[in-house]
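Working notes, structure below.
The values are calculated or read from the model by the stated rules, or taken from the named source; none is laboratory data. Keep in mind the model is a prediction, meaning the values are calculated, not measured. So basically every Cβ, Gly included, is an ideal-geometry build from the backbone, and we count neighbours across all protein chains shown. Surface accessibility is based on the protein's heavy atoms, side chains included, excluding ligands, DNA and RNA. Shrake-Rupley method; radii C 1.70, N 1.55, O 1.52, S 1.80 Å.
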Amino acid sequence: MKALPFLSLLPRLPGPRFPAALLGATVLELVVLTGHLVAYPFGLTQERRTQPDPPPETTPGAAPGTPGTHPNRLPGSLAAERPVVLLHGFIDNRSVFVLLRRTLARHGRRHLASLNYSPLTRDLRTAAGLLGRHVEEVCARTGQREVDIVGHSLGGLIARYYVQRLGGDRRVRTLVTLGTPHGGTAVAPGAGIHPIVRQMRGGSALIEELRRPAPGCRTRFVSFWSELDQVMVPVQTACVDHPDLDAVNVRVTGIGHLALPVHPAVAAAVGEALETQETREGTVPSTGTSSVA
């Protein structure tokens with residue numbers, strides 16, 4: 001079986017012994033958490049909306065009957081024109097995607113949009129409805145019919161519900177999830193006080209709803225999961241396991257939950273995954289914490 005093209009981005013190194021890997025991943029998680037706490041205040045507000053781009057056929061200076069070129073837009077692929085919507089995890093905000101945004105921009109993605117949903121949201125379905133409205137706004141603003149979505153943790157589950165249960169597959173070409181509890185996670189008992197956290201637990205009504213048949217779902221799924229993710233219990237719960245979904249599960253080694261959206265190797269692999277037209281099962285051993293500057 002051939003590997004996905006983006007799998008070659010990360011060297012296939014033999015994994016370190018598990019205790020050493022866990023220690024390294026834990027140290028990296030603390031570093032990431034510290035950096036994120038510093039950046040967190042800058043992501044509290046919603047992203048500022050921009051004016052719509054002129055559609056290609058009406059761009060000033062374009063010859064009649066020929067596609068125009070926006071004065072600030074470089075020629076590129078159709079994928080480069082497709083917007084990418086970034087959706088954060090529980091009690092987080094758009095600041096978690098600062099590094100990923102830069103990587104995707106270097107990959108040529110021109111339309112990058114983030115959505116903040118309130119930590120007071122008590123129902124994942126409500127957040128999925130908000131995402132749907134945001135996607136429609138992004139499509140109207142950019143003149144595109146489809147978007148890609150990258151969701152971290154709870155954000156990936158919200159996006160999956162939108163795609164699978166609210167008809168979002170007509171708008172979402174590829175959904176990339178990072179450490180998302182697709183099968184439900186056995187989180188700490190105290191965390192279950194919040195209703196939306198209870199919905200993320202294995203066996204919840206919402207998780208069971210996502211197990212229902214989804215024939216004809218048009219969205220491609222790429223799920224990155226880490227064997228050292230201590231928020232996903234068991235770690236394989238971050239894999240998409242549904243007979244009706246076109247999905248590939250990508251194993252990452254050497255990093256934990258918080259590092260998934262900021263690790264440079266994972267970010268590069270996400271960029272390539274959004275360009276890939278076919279999905280196949282594969283693994284991506286990361287370079288581990290030693291690859292982080």
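Other residues whose C-beta falls under 11 angstrom from the C-beta of Val252 contribute a net charge of -1, scoring Lys and Arg +1 and Asp and Glu -1. Within segment 169-276, the proportion of Cα pairs with more than 22 Å between them is 34 percent.
These residues, Arg101, Arg133, go from largest to smallest accessible area, 1.4 Å probe, as Arg133, Arg101. Counting every C-alpha pair in segment 78-134, the share spaced more than 12 angstrom apart comes to 67%. Take Phe90: with every protein chain present and a 1.4 Å probe, its accessible area is about 70 Å². Pair-distance distribution P(r) for segment 96-249, from all Cα-Cα distances in 5 Å bins starting at 0: 2, 9, 19, 23, 22, 15, 8, 3, 0, 0 percent. For segment 99-159, the Kirkwood hydrodynamic radius comes to 12.7 Å, computed from all pairs of different C-alpha atoms.
Label positions at Ala39 and Arg211, each projected 7 Å from the Cα along the C-beta direction, are separated by 3.6 nm.
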